[in-house]
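Novice: Pasting a structure here, questions to come.
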């Protein structure tokens, strides 16, 4: 089974201010975009990062073949307990996930495409 990192052309995580981080998943083509969107429902991302599903914002950008998630940082950026000040390590966690085939259990929840 391929991993998300095998399909995506780039995965990056970055700060979106001191309280939020953003993860961008760039796909090579519409087929890769569809595969990744189906493999990464918001509930799977919430479980991976130990966040309530309601705290995760999902953005599908089919014209760019990009899937984006925004979520609260576990600690404020730059605080004493911050172990990843630039949030770059979060992308590796998504990269290592298997791109499971689409099933009812991992179909994107609440996601719509034009």
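The values are calculated or read from the model by the stated rules, or taken from the named source; none is laboratory data. What you are looking at is a predicted structure, and each value in this text was computed from that prediction instead of being measured. Backbone-built Cβ (ideal geometry, glycine too); neighbour counts: all protein chains shown.
Novice: So, in segment 3-26, exactly how many residues are surrounded by 17 or more Cβ atoms within 10 Å (Cβ to Cβ), under 12 Å from the mean Cα position of the chain (by Cα) and not in a helix (DSSP H, G or I)?
Specialist: 9
Novice: Answer yes or no: is there a residue in segment 58-69 that is in a helix (DSSP H, G or I), under 17 Å from residue 98 (Cα atoms) and touching a strand residue (DSSP E or B) at 6+ places or on another chain (Cβ under 9 Å). Steps first, please.
Specialist: Within segment 58-69, the subset in a helix (DSSP H, G or I) is none.
No.
Novice: Hey, can you tell me all the residues within segment 34-57 that are assigned to a helix (DSSP H, G or I) and touching a helix residue (DSSP H, G or I) at 6+ places or on another chain (Cβ under 9 Å)? Reasoning before the result, please.
Specialist: Just the residues of segment 34-57 that are assigned to a helix (DSSP H, G or I), to begin with: 34-39, 42-48, 53-55.
Result: 35, 36, 39, 42, 43, 45, 46, 47, 48, 53, 54, 55.
Novice: Among the residues of segment 62-92, which ones are surrounded by fewer than 14 Cβ atoms within 10 Å (Cβ to Cβ) and closer than 24 Å to residue 27 by Cβ?
Specialist: Once the filter is applied, which keeps residues that are surrounded by fewer than 14 Cβ atoms within 10 Å (Cβ to Cβ) and closer than 24 Å to residue 27 by Cβ, segment 62-92 yields 63, 64, 86, 88, 89, 92.
Novice: Checking residue 88 against (1) part of a strand (DSSP E or B); (2) at pLDDT below 95, which single condition isn't satisfied?
Specialist: With (1) part of a strand (DSSP E or B); (2) at pLDDT below 95 applied to residue 88, the lone miss is (1).
Novice: May I ask you to say which residue of 107, 99 is surrounded by 19 or more Cβ atoms within 10 Å (Cβ to Cβ) and either touching a strand residue (DSSP E or B) at 6+ places or on another chain (Cβ under 7 Å) or at pLDDT below 90 (or both)? Write out each step before concluding.
Specialist: Details: 107 fails: surrounded by 19 or more Cβ atoms within 10 Å (Cβ to Cβ).
Answer to the check: 99.
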